[in-house]
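The values are calculated or read from the model by the stated rules, or taken from the named source; none is laboratory data. What you see is a predicted model, and the numbers here were worked out from it, not measured in a lab. Cβ atoms come from the backbone with ideal geometry, glycine included; neighbour counts cover every protein chain shown. For the accessible areas, the whole protein counts, side chains as well, though only heavy atoms, and no ligand, DNA or RNA atoms are used. Shrake-Rupley method; radii C 1.70, N 1.55, O 1.52, S 1.80 Å.
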Amino acid sequence: MLLDRQSLGYGAAPILTGVSFALAPGERVALLGCSGAGKTTLLGALYDALLAEGNRVALVPQEQGLVPQLSVLRNALMGRLDDHGALYNLTNLVRPRAKDRAGVGEVLSTLGLSPQMDRTVEGLSGGQKQRVALARALWRGGDVLLGDEPVSALDETQGSEILNHIAARFDRVVLALHDVDQALGFATRVVGLKDGRVVMDAAPAEIERARIEALYA
């Protein structure tokens, strides 16, 4: 059990209370709920708990965390900064090693970003920036991927394709998603948040549409 009846938030007033959360091998979890329901808070708590258990976690934060002045390639390379020492990382950012460039190149090709590999991030569109953040996570790899609205800036077809890549690459996935149909098509489990609590935790086939709509009422 990653979380056991915990209160989560910042400061004196918790955003979520009584949260219990486990994550089994092979699970793809979609977090649903209106803005401010606590999806980002829950993802943060899961990230800390997974790291504490010794998992390698790839993260796609909502704010992306990119360095605008650096190239797409160099931003993606940052997914593995903690695998190496400072000297390796510094020299690799100045002049990326051939094997790392090739490896990131494969990831960028998957995401349709090959032409932008050497462009600086500040000149990209919103959807392209979102894919760079995904590339960094995919390059990192690991046991689990956590993502906060990781495909919100992409069209439905492109978003679904990338979700399929994520599912194929990671054994366990937890994503906050804004598109309900996309979430139901991707997830093996849906967790709904409302009024500071987890009010839904079930397989998509077990959930009536009215229950999902109530999350946003």
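Brief remarks follow.
- Inter-site label distance for A153 and S20 at 7 Å from Cα along Cβ, in nm: 3.9 nm
- Computed from the C-beta positions of D143 and A203 and an R0 of 30 Å, the FRET efficiency is 0.85 to the nearest 0.05.
- Share of pairwise Cα separations in the range 167-217, more than 11 Å, in percent: 71 percent
- Its Cα centre serving as origin, the range 146-217 has a Cβ charge dipole (Lys and Arg +1, Asp and Glu -1) of approximately 300 debye.
- The relative contact order of the chain, computed from alpha carbon pairs under 8 Å that lie at least 6 residues apart in sequence, is 30 percent.
- Phi to ³J(HN,Hα) by Karplus 6.51 cos²θ - 1.76 cosθ + 1.60 over the range 33-43, Hz, x for Gly, Pro: x, 5, 4, x, 6, x, 4, 5, 4, 5, 4
- Each label was represented as a point 7 Å from its Cα along the Cα-to-Cβ direction; for Q69 and A167 these points are 4.1 nm apart.
- Estimated FRET transfer efficiency when R0 is 22 angstrom, pair S125-D82 (beta carbons, to 0.05): 0.15
- Value of Rg/Rh across the range 1-73 [Cα atoms, Kirkwood radius]: 1.02
- The modelled label-to-label distance between A12 and R189, using points 7 Å beyond Cα along the C-beta direction, is 3.5 nm.
- Equivalent-ellipsoid semi-axes of the range 112-217, from the Cα gyration tensor, Å, largest first: 28, 15, 12
- Sorted largest first, the principal axis extents computed over the alpha-carbon atoms of the chain equal 51, 35, 31 Å.
- Rolling a 1.4 Å probe over the protein heavy atoms of the chain, with every protein chain left in place, gives an accessible area that is 50 percent carbon and sulfur.
- Computed extension gain for S160 through E53, at 0.36 nm per residue and net of the alpha carbon distance, reaches 35.5 nm.
- Surface analysis of the range 66-217 yields an accessible area of 46 Å² per residue, using protein heavy atoms and a 1.4 Å probe.
- When the Cα positions of G127, V198, M117 are compared along the charge dipole of the chain, M117 comes out farthest toward the positive end, with charges on each C-beta of Lys, Arg, Asp and Glu.
- Mean separation of Cα contacts under 8 Å (6+ apart) over length of the range 97-217, as relative contact order %: 17 percent
- Taking the Cα centre of the chain as origin and assigning +1 to Lys and Arg Cβ atoms and -1 to Asp and Glu Cβ atoms, the resulting dipole is close to 620 debye.
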